[in-house]
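The values are calculated or read from the model by the stated rules, or taken from the named source; none is laboratory data. Note that the coordinates shown come from a computational prediction; the quantities given were computed from them, not determined experimentally. Positions of Cβ are backbone-derived with ideal geometry, glycine not excepted, and every protein chain shown enters the neighbour counts. Keep in mind that these areas ignore ligands, DNA and RNA; they rest on the heavy atoms of the full protein, side chains included. Shrake-Rupley method; radii C 1.70, N 1.55, O 1.52, S 1.80 Å.
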Amino acid sequence: MKTQVCIIGGGPSGLMLSQLLHLKGIDTIVLEKHSREYVLGRIRAGVLEHGFAELMREAQCGERMDREGEIHDGFEISDNGALTRVDLHKYSGGSSVVVYGQTELTRDLYDARDRMKGTVIHNVEDVALHDLNTTTPPYVTYRDGDEIVRIDCDFVIGADGFHGPSRKAIPKDVLTEYEKVYPFGWLGVLSRTKPVNPELIYAKHDRGFALCSLRSQVLSRYYIQVPLSDTVEDWSDADFWDELKKRLPAEVAERLETGPSIEKSIAPLRSFVAEPMRWGNLFLAGDAAHIVPPTGARGLNSAASDIYYLYHAMVDHYLKGDDTGLDQYSQKALARVWKAQRFSWWMTTMLHTFPDSIAYDRKLQDTDLAYLFSSEAALSSLAENYVGLPF
Ligand code: FAS
Ligand code: PHB
């Protein structure tokens, strides 16, 4: 098989790039390890930056998002029961975010690929990357049953997430990895219940962090910070709801509608960046290159700017013969990635309880929040990062 751009990974990063390039007449093949049902069964991000929403519209995939997604102009921060609203619209100069689940936008991207007869191959095994940085063009192989299939291409995009093979294809003496692991995780629950609040609530509490989010007016998403030693089996639905209520303001806890969890999982929190994001004709995008703790809702949104840069760089290469975008990709993408890393680390450090913290650290956390609510400059800084820094 032959294509111009071989994309490894059928998550939002890979699908979005495939869709955008197709609209410019650039041929791609997407290789996905799992079935479509498996990919669509993963519950992940829920908040889209303005820039991500624009990309969905440019990819001709924004129609259901615009119909079913919710525009949010702010969110609440609860500090041991005291609620304060962060007015994103006011402090970002008029911008906002879209609340629309990653599951849904991934479904929209798959539907668009099908509609345009895009090539997405599922259940591929033993994907291997070859000749990434030689004078001969690269190629990718994968196993289909007993057969080894070869795809010749001009470029390989590693959109295969944190555990995929692409990042590992870069030699260790070329790659630098930066990692920070947090001493806790998030236990998340999805329930067919009315959201407790029209806007998100980020709750700082001595018992631990909690987050009230949503997917629609009949589908709620809640998280509580838990020790890394906890497993999902340690938490019955009843225990989860009891603990969540203890971390929310009383008036919020009283109106919380509980119900059976339709998804319950624990995600460990880490900050991670791999540099460079290009090696020869391999380009890394999304979780393959960087991971953030979800506190700042930057995970999926960091992937968006990678895809935006790669999309324009590939169009310039194929349609104008200009490789400036490709040559600048890694440096440009990492500049924005690290700003998302900083914001995610700051939100996480400010709002969570740390098992080994000292009293001085806890006073700094309180002061960070007090300064935030006392300073328009601080609120503007939070808002511009949360709605998304410019691409
Ligand atoms: P993805 O990991 O989504 O997709 C990579 C794809 O590559 C997967 O489908 C995988 O099956 C495939 N793949 C892997 N190895 C392969 C191989 N060898 N061959 C072929 N395909 C292969 N972000 C937020 O903003 N908010 C959140 O609340 C949030 N919660 C999260 C919870 C969890 C448990 C996780 C893991 C992530 C969460 N994220 C969140 C971040 C998440 O949304 C990612 O940023 C987003 O999925 C990035 O998309 P991709 O880069 O496409 O990577
Ligand atoms: C979610 O709805 O899953 C969500 C929202 C905001 C975050 C993290 C997760 O910061």
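Based on this model, can you work out whether Lys320 counts as basic (Lys, Arg), more than 29 Å from Glu70 (Cβ to Cβ), more than 16 Å from ligand 2 (Cβ to nearest atom) and open to solvent by 20 Å² or more (accessible area, probe 1.4 Å)?
Judged against the criteria, Lys320 is a match.
Of everything in the stretch 196-211 that's under 18 Å from Ala297 (Cβ atoms) and small (Gly, Ala, Ser), which residue is nearest to the chain's Cα centre (by Cα)? Only one residue tops the list, namely Ala210.
Restricting to the stretch 139-181, name every residue that is in contact with a Lys or Arg (Cβ under 8 Å, 6 or more places away or on another chain), more than 20 Å from Gly10 (Cα to Cα) and surrounded by 13 or more Cβ atoms within 10 Å (Cβ to Cβ). Of everything in the stretch 139-181, those that are in contact with a Lys or Arg (Cβ under 8 Å, 6 or more places away or on another chain), more than 20 Å from Gly10 (Cα to Cα) and surrounded by 13 or more Cβ atoms within 10 Å (Cβ to Cβ) turn out to be Leu175, Lys180. Taking first residues from the stretch 70-90 that are under 17 Å from Met350 (Cβ atoms) and partners that are part of a helix (DSSP H, G or I) and open to solvent by 50 Å² or more (accessible area, probe 1.4 Å), the Cβ contacts under 6 Å between residues at least 6 apart in sequence or on separate chains come to Thr84/Phe373.
Residue-by-condition table, conditions (1) within 16 Å of ligand 2 (Cβ to nearest atom); (2) open to solvent by less than 20 Å² (accessible area, probe 1.4 Å):
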residue	(1), (2)
Glu104	yes, no
Asp111	no, no
His122	no, no
Leu132	no, yes
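Looking across the stretch 197-215 at every residue that is open to solvent by 10 Å² or more (accessible area, probe 1.4 Å) and in contact with a helix residue (DSSP H, G or I) (Cβ under 7 Å, 6 or more places away or on another chain), the one that is farthest from Arg64 (Cα to Cα) is identified as Arg207. Only one of the numbered conditions (1) open to solvent by 10 Å² or more (accessible area, probe 1.4 Å); (2) in a helix (DSSP H, G or I); (3) within 16 Å of ligand 2 (Cβ to nearest atom) is not met by His22, and that is (3).
Checked against (1) assigned to a helix (DSSP H, G or I); (2) more than 30 Å from Gln19 (Cα to Cα); (3) open to solvent by less than 10 Å² (accessible area, probe 1.4 Å); (4) touching a helix residue (DSSP H, G or I) at 6+ places or on another chain (Cβ under 9 Å), Phe240 passes all but condition (4).
So which residues in the stretch 323-353 are of a type in the set (S, T, N, Q), within 16 Å of ligand 2 (Cβ to nearest atom) and within 19 Å of Ile307 (Cβ to Cβ)? Don't jump to the end; show me each part of the working.
So the first thing to find is which residues in the stretch 323-353 are of a type in the set (S, T, N, Q), and the list is 324, 328, 330-331, 341, 344, 348-349, 353.
Now restrict to residues that are within 16 Å of ligand 2 (Cβ to nearest atom): 341, 344, 348-349.
Passing the criteria: Gln341, Ser344.
Condition first: outside any strand (DSSP E or B) and near ligand 1 (Cβ under 10 Å from one of its atoms). Now tell me which residues in the stretch 264-291 satisfy that.
The initial filter retains those residues of the stretch 264-291 that are outside any strand (DSSP E or B), namely 276-277, 280-281, 285-289.
Listed by number, the residues that qualify are Ala285, Gly286, Asp287, Ala288, Ala289.
Counting only strands (runs of 3 or more DSSP E) that sit wholly inside the stretch 33-97, those with at least 2 residues that are surrounded by 15 or more Cβ atoms within 10 Å (Cβ to Cβ) and out of contact with any Gly (no Cβ under 9 Å at 6 or more places or on another chain) are 70-72, 74-79. Take Leu214 and tell me if it is at pLDDT 95 or above and within 16 Å of ligand 2 (Cβ to nearest atom). Yes. Restrict the check to the stretch 3-26 and report whether at least one residue is in contact with a helix residue (DSSP H, G or I) (Cβ under 7 Å, 6 or more places away or on another chain), within 15 Å of ligand 1 (Cβ to nearest atom) and among the basic types (Lys, Arg). No, the stretch 3-26 contains no residue that is in contact with a helix residue (DSSP H, G or I) (Cβ under 7 Å, 6 or more places away or on another chain), within 15 Å of ligand 1 (Cβ to nearest atom) and among the basic types (Lys, Arg).
In this structure, is Ser380 closer than 18 Å to Gly74 by Cα, over 25 Å from the mean Cα position of the chain (by Cα) and surrounded by fewer than 15 Cβ atoms within 10 Å (Cβ to Cβ)?
Numbers: closer than 18 Å to Gly74 by Cα: yes; over 25 Å from the mean Cα position of the chain (by Cα): no; surrounded by fewer than 15 Cβ atoms within 10 Å (Cβ to Cβ): yes.
Here the answer is no, as Ser380 does not meet what is asked.
Taken as a whole, the structure places Ala333 among residues that are touching a helix residue (DSSP H, G or I) at 6+ places or on another chain (Cβ under 8 Å), part of a helix (DSSP H, G or I) and within 24 Å of Ser95 (Cα to Cα). Taking Asp126 as the residue in question, decide whether it is away from ligand 1 (no atom under 15 Å from the Cβ) and open to solvent by 30 Å² or more (accessible area, probe 1.4 Å). So Asp126 fails the test.
Of the residues in the stretch 131-138, at least one is touching a helix residue (DSSP H, G or I) at 6+ places or on another chain (Cβ under 8 Å) and touching a residue at least 12 places away in the same chain (Cβ under 8 Å).
None of Glu257, Glu251, Glu263 is surrounded by fewer than 14 Cβ atoms within 10 Å (Cβ to Cβ) and under 21 Å from the mean Cα position of the chain (by Cα) except Glu263.
Considering the stretch 98-121 alone, what residues qualify as being in a loop (DSSP other than H, G, I, E, B) and farther than 19 Å from Ala45 by Cβ?
Within the stretch 98-121, the first condition is being in a loop (DSSP other than H, G, I, E, B), and the residues that meet it are 100-101, 116-118.
Of everything in the stretch 98-121, those that are in a loop (DSSP other than H, G, I, E, B) and farther than 19 Å from Ala45 by Cβ turn out to be Met116, Lys117, Gly118.
Can you tell me which residue is nearest to Val181 (Cα to Cα) among those in the stretch 275-288 that are open to solvent by less than 10 Å² (accessible area, probe 1.4 Å) and more than 16 Å from the chain's Cα centre (by Cα)? Please lay out each step first, then the result.
Quick first cut of the stretch 275-288, residues open to solvent by less than 10 Å² (accessible area, probe 1.4 Å) only: 277, 282-286, 288.
After this cut, where a residue has to be more than 16 Å from the chain's Cα centre (by Cα) as well, the list is 277, 282-283.
Details: Met277: 21, Leu282: 27, Phe283: 25 Å.
Looking at residues that are open to solvent by less than 10 Å² (accessible area, probe 1.4 Å) and more than 16 Å from the chain's Cα centre (by Cα), I get Met277.
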